[in-house]
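Remarks on the structure that follows.
The values are calculated or read from the model by the stated rules, or taken from the named source; none is laboratory data. None of these values were measured; they are calculated from a predicted model. Every residue, glycine among them, receives a Cβ derived from its backbone with ideal geometry; neighbour counts consider all protein chains shown.
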Amino acid sequence: MYRRPQAHDAVGHLAAVEKRALADERLPQAAGFAMFMALVSQVVILLSTAASYGLDIPSYFSEPMALNRQADPIGFLPAMGFRAGGLVVNTILNGITGALGWALGGLLPARER
């Protein structure tokens, strides 16, 4: 299944680079921070989807094409299932990109103290 890159993916990656280069953080802290940022953004998406369905608001969060790449409308529970899957998968993937960002942070020049 194709997964579109999202804005918070890049943010987690860049934050991990900065954590190594500027704050002398270790790999677990950098990856954990990227995962935390992804988790927070995915919870906001999950809650926004619930609000869109609950309040019957036509928005990106309830748009079938954004949820499962099909034009047919889907119900609340399948939509929340897609969002819950995104919460888990995106959090893990951001941990991986955070670790890669941390590794790339070693390429930056050392900060003078």
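Under the condition of being among the small types (Gly, Ala, Ser) and closer than 26 Å to Ala31 by Cβ, which residue from region 49-94 is nearest to the chain's Cα centre (by Cα)?
Among those residues, the one meeting the criterion is Gly86.
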- List, please: which pairs have Cβ atoms under 7 Å, are six or more places apart or on different chains, and start with a residue in region 70-91 that is within 17 Å of Pro58 (Cβ to Cβ) and end with one that is at pLDDT below 95 and among the aromatic types (Phe, Trp, Tyr)? Phe76/Tyr53; Ala79/Tyr53
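Table: residues versus (1) modelled with pLDDT under 85; (2) of a type in the set (A, V, I, L, M); (3) assigned to a helix (DSSP H, G or I).
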position: Ala10; (1), (2), (3): yes, yes, yes
position: Met35; (1), (2), (3): no, yes, yes
position: Ser41; (1), (2), (3): no, no, yes
position: Ser48; (1), (2), (3): no, no, yes
position: Pro58; (1), (2), (3): no, no, no
position: Ala66; (1), (2), (3): yes, yes, yes
position: Val88; (1), (2), (3): no, yes, yes
position: Gly95; (1), (2), (3): no, no, yes
position: Leu100; (1), (2), (3): no, yes, yes
